[in-house]
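Trainee: Let me begin by handing over the structure; questions about it come next.
Just so you know, all these numbers are worked out from the coordinates, no wet-lab data involved. Only a predicted model underlies this, so the values are computations on that prediction, with no experimental measurement involved. Backbone-built Cβ (ideal geometry, glycine too); neighbour counts: all protein chains shown.
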Amino acid sequence: MPGDPTPPVALSIAGSDSGGGAGAQADLKSFAAHRVHGTTALTAVTAQNTAEVRGVFPLPAPFVRLQIEAVLDDLAVRSVKTGMLATPDIVRIVADLAASGRLPHLVVDPVLVSSSGQALMDGDGVAVYLERLLPCAEVATPNLREAAALTNQRVEDLMTVEAMADAAEALRRLGTTYVVVKGGHLTEAADDVVAGPEGITVLAATRVPTGNDHGTGCSLSAAIAARLALGDDVLSAVRAAKAFVARGLTGSAGWRLGAGHGPIDHFGWSVRS
Ligand code: PXL
């Protein structure tokens, strides 16, 4: 409609999922669902579908920087999320830009491995996240496996809210303002634990029974970035993003897109009016 306000802009630095369920594709849908204009800097192209990852082709780190700078030099980016960064060199490049203050409201989803078990980060990625990128993040959103890898623990030892809170606090000491440890994938409940300047907040949730859960982590961190671009404070953004993903999971539970793990319903298509 003429006269509608210009939407805010968010940037996703992430990999492409050819199946359309995760990665940059999930991020763009999550931004759009929030009426936020999405921009992207692709870090890698993956050949995958709902059932398997067949190949990962990382892009050269300087070309990732070129994409990020092309976006930042022209559009008024209000928030940034990172997903799969693919190589330690790309993590370093993103960390350098963040350290120089160019990535506002930075949400880091420290993607290390796909839910199907495929490695999505090469080499010493964990060390570079810990030393360089997480200290610059406003929000980090590790799942239980990533929280275990980043705090050098066994995932079996992270299955209680108390252990998740300790891991979140340990990661916060690196300099990240808010750490959200996501229980969804492995625990019976789908409780998330947030550590922030005001202490620990537990976001309780019931698990949505569905196999269509591909890209939930990508969608959550993108929805947090979208809410930050719209002006939310971090805790409100995380709560709203969690509700958004839960609605998406409920909406797509009956979908049959491919033989494996399908996407969530980002746009509320399954909601009857
Ligand atoms: O969900 C993690 C993830 C992120 N980015 C890309 C992916 C995946 C998982 O498969 O493919 C491109």
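Trainee: Taking 7 Å along the Cα-to-C-beta vector as the label spot, tell me the A204-T160 distance in nanometres, rounded to one decimal.
Mentor: Taking the two extended label points, one gets 1.7 nm.
Trainee: Another question about this same structure. Filter the trypsin sites (Lys or Arg not before Pro) in the range 54-144 to those in DSSP coil with at most 16 other Cβ atoms within 10 Å of their Cβ, and list the result.
Mentor: When the trypsin sites (Lys or Arg not before Pro) of the range 54-144 are filtered for loop state and at most 16 Cβ neighbours within 10 Å, R102 remain.
Trainee: Now for a different question. Can you give me the span-like helices of the chain, meaning DSSP H runs with 18 Å or more of Cα extent along the axis and Kyte-Doolittle mean at or above 0.0?
Mentor: Going by DSSP H runs, the hits are 216-229, 234-252.
Trainee: By DSSP, what percent of the beta bridges with both residues in the chain are antiparallel, rounded to the nearest 5?
Mentor: Taking every DSSP beta bridge within the chain, about 40 percent pair in antiparallel fashion.
Trainee: Going by a ≥ b ≥ c, the root eigenvalues of the Cα gyration tensor, does the range 141-207 fall in the rounded group (a/c under 1.5), the prolate group (a/b larger than b/c) or the oblate group?
Mentor: oblate
Trainee: Still on this structure, please answer the following. By the scheme Lys and Arg +1, Asp and Glu -1, what is the net charge of all other residues having a beta-carbon under 11 Å from that of A99?
Mentor: +2
Trainee: Among H37, V56, A149, which residue has its Cα furthest toward the positive end of the charge dipole of the chain, with +1 on Lys/Arg Cβ and -1 on Asp/Glu Cβ?
Mentor: Selected residue: H37.
Trainee: Let me ask something else about it. Can you tell me how much longer the chain between A119 and E188 gets when fully stretched, taken as 0.36 nm per residue apart minus their C-alpha distance, in nm with one decimal?
Mentor: Going from the current span to full extension adds 22.4 nm.
Trainee: While we're here: Quickly estimate the mean residue ellipticity at 222 nm for the chain, helices only: each DSSP H run with n ≥ 4 gives -39500 (n - 2.57), and the total goes over all residues, rounded to 500.
Mentor: Theoretical 222 nm ellipticity from helices: -10000 deg cm²/dmol.
Trainee: Normalised by the number of residues in the chain, what is the relative contact order in percent for Cα pairs under 8 Å and 6+ residues apart?
Mentor: That works out to 18 percent.
Trainee: Here's something else I'd like to know. Starting from the Cα gyration tensor of the range 9-251, take the square roots of the eigenvalues, sort them a ≥ b ≥ c, and report rounded, prolate or oblate (rounded when a/c is under 1.5, otherwise prolate if a/b is larger than b/c, else oblate).
Mentor: It is rounded, given that a/c, with a ≥ b ≥ c, falls under 1.5.
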